[in-house]
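Right, one structure below, let's go through it.
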């Protein structure tokens, strides 16, 4: 066989492997999506939004408690995590810029982002749940907020860096103090970017289960008291799916479908925002 | 007046910038101090002891630690070549029409919560493994494969982005010399995108080590080290997820915190290596 032939053969083999792996990988991923959609749509009905958790076999069972709990957890984490993340990102982009301290904080944020979420759960257990003596919504909110800060920080930092320097200089030349330049000029022109980052970070923490397992724990009843254990879609899914009862498993699929639809919806929305920004 | 508001705002932002640093240090300190009783009781033999018997107050972390390393290894061995194959397909082979939709769906799949992968693994994938390899479908092999599928879109998306940064000029020069597509991929694109590819693989490794929900469903939580990959097994996140909320004795808690501390150290080392690697690359290129 000539060298040229051999090269062409190797070429075909390598390309075939690559196409094959792409087809296999993508097939698996779509299989998962299909399982989720077909089971989810089967299990979806209005009762899910009307009733709370019930013992297996009860007709009047739903996910209202988990939906409300999830909403409270996500909202609480957003209220705590987003302001801290935005302000911290502001410091990196507007004050620290390329200082050693700023680079160090960026590295630390990346490290925090890849810290296993279950480790954050154990940490919050030690500092919140153990001293309080019981699981609580607060603990879950704190765990999620800790995860949210570095995500919001990085996107804010990136988005503010994109704001043209001349805008800042123009405002400063008019005599505006630096905080006014930041709040009225820089924030305003990076508005959509920051909003997208915040939305994506909400999507990200909404899908988290591990940090909630021993912080907000779970609750099969409706509770809007943040001082008590609170149900979340993800932990409810985990408990229902691993239970031997068919109707609970069905509710688990419904929860999975709602959760994924919400998260993918936000991701698609974020994409649309970013693309619109690019066009302007 | 102006100056004082400016001063306040600057220091407020500076303070919040310290938040992640403070939490990171606090995590280290709290995990260490909570794990300390177990460290005192078992010392280094915690890492090599394979008995885990909460009712007799004996705790050895070996099965969980080996389980974490093994499940991650299986996941990386499967995911890395397939993900790079997907990336090559998306950046070099796929026709323009399907490039974008498939690329976007891969990115969206990376956003699906891991608990979904776990649930799919339990109901749909475990029975298949059971039918092919025997056992009851729950165990290290299933967990490793589900983990691999979970990190697949993550590696593929970053690797594709890195490959897309290869200048067309370089590729065209190679084609002009008579290179085949694979020659170009092997000798031009992969060397050019190397930092991004290795970086994404290391980051995915960090994710796989700490991932809880994708594996907890299908791992089985049995503390034993077995060469039989289809037997129920455990790893650190699975042990934590299953036992933490129900631990009774102080020593049990402390041993679980010891495991959490070891897991934290592993993921910290991974990201540290990734950072150094990236940093060196950037310095070399810049």
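The values are calculated or read from the model by the stated rules, or taken from the named source; none is laboratory data. Owing to the predicted nature of the structure, the values given are computational and were not obtained by experimental measurement. Methodologically, a virtual Cβ is constructed for each residue, glycine included, from the backbone with ideal geometry; neighbour enumeration extends over all protein chains shown.
Remarks
- Residue-level check: of (1) closer than 30 Å to residue A:227 by Cα; (2) at the interface with chain B (Cβ under 8 Å from one of its Cβ atoms); (3) more than 23 Å from the chain's Cα centre (by Cα), residue A:94 misses just (1).
- The listed residues are A:69, A:62, and the only one of them that is modelled with pLDDT of 90 or more, surrounded by 18 or more Cβ atoms within 10 Å (Cβ to Cβ) and more than 14 Å from chain B (Cβ to nearest Cβ) turns out to be A:69.
- Among residues of the stretch A:101-114, those that are surrounded by fewer than 24 Cβ atoms within 10 Å (Cβ to Cβ) and under 17 Å from residue A:151 (Cβ atoms), counted: 8
- Hey, residue A:85 farther than 26 Å from residue B:35 by Cα, modelled with pLDDT of 95 or more and either assigned by TED's automatic domain parsing to the domain that holds residue A:212 or touching a helix residue (DSSP H, G or I) at 6+ places or on another chain (Cβ under 9 Å) (or both) or not: yes
- Just one residue in the set B:257, B:272 is outside any loop (DSSP other than H, G, I, E, B) and at pLDDT below 90; that residue is B:272.
- The single residue among B:149, B:128, B:84, B:65 that is modelled with pLDDT of 90 or more, surrounded by fewer than 20 Cβ atoms within 10 Å (Cβ to Cβ) and part of a helix (DSSP H, G or I) turns out to be B:128.
- Every residue from the stretch B:162-187 that is surrounded by 20 or more Cβ atoms within 10 Å (Cβ to Cβ) and under 29 Å from the mean Cα position of the chain (by Cα): B:162, B:163, B:185
- Pair list, Cβ under 7 Å, 6 or more apart: the stretch A:3-30 residue farther than 16 Å from residue B:184 by Cβ, other residue outside any helix (DSSP H, G or I): none
- Residue match in the stretch A:132-152 (condition: in the same structural domain as residue A:231 (by TED's automatic domain parsing), free of Cβ contacts under 8 Å to residues at least 60 places away in the same chain, in a helix (DSSP H, G or I) and touching a helix residue (DSSP H, G or I) at 6+ places or on another chain (Cβ under 8 Å)): yes
- Flag if residue A:115 is within 7 Å of chain B (Cβ to nearest Cβ), under 19 Å from the mean Cα position of the chain (by Cα), modelled with pLDDT under 95 and not in a helix (DSSP H, G or I): yes
- Residues being modelled with pLDDT of 90 or more, surrounded by 24 or more Cβ atoms within 10 Å (Cβ to Cβ), closer than 29 Å to residue A:210 by Cα and more than 7 Å from chain A (Cβ to nearest Cβ) are entirely absent from the stretch B:89-102.
- Candidates in the stretch A:233-260 are the residues that are under 24 Å from the mean Cα position of the chain (by Cα) and more than 10 Å from every other protein chain (Cβ to nearest Cβ); of these, the one that is surrounded by the fewest Cβ atoms within 10 Å (Cβ to Cβ) is A:239.
- Restricting the stretch A:73-94 to residues that are under 19 Å from residue A:193 (Cβ atoms) and without any contact (Cβ under 8 Å) to a residue 40 or more places away in the chain, the residue that is surrounded by the most Cβ atoms within 10 Å (Cβ to Cβ) is A:91.
- Subset of the stretch A:130-149 [more than 23 Å from the chain's Cα centre (by Cα) and under 23 Å from residue B:238 (Cα atoms)]: A:130, A:134
- Residue within the stretch A:9-30 that is more than 24 Å from the chain's Cα centre (by Cα), more than 8 Å from chain B (Cβ to nearest Cβ) and outside any helix (DSSP H, G or I) present: no
- Answer residue from the stretch B:176-185, given it is touching a helix residue (DSSP H, G or I) at 6+ places or on another chain (Cβ under 8 Å) and assigned to a helix (DSSP H, G or I) and is nearest to the other protein chains (Cβ to nearest Cβ) among those: B:182
- Residue satisfying all of: in the stretch A:188-215; over 17 Å from the mean Cα position of the chain (by Cα) and either free of Cβ contacts under 8 Å to residues at least 24 places away in the same chain or under 30 Å from residue B:244 (Cα atoms) (or both); surrounded by the most Cβ atoms within 10 Å (Cβ to Cβ) among these: A:215
- Within the stretch A:261-280, the set of residues being closer than 17 Å to residue A:68 by Cα and either surrounded by fewer than 17 Cβ atoms within 10 Å (Cβ to Cβ) or not assigned by TED's automatic domain parsing to the domain that holds residue A:162 (or both) comprises A:261 only.
- Test for residue A:209: is it within 13 Å of residue A:140 (Cα to Cα) and at the interface with another protein chain (Cβ under 9 Å from one of its Cβ atoms): yes
- From the list B:200, B:173, the one residue that fits, being more than 10 Å from every other protein chain (Cβ to nearest Cβ), free of Cβ contacts under 8 Å to residues at least 40 places away in the same chain and more than 23 Å from residue B:60 (Cβ to Cβ), is B:173.
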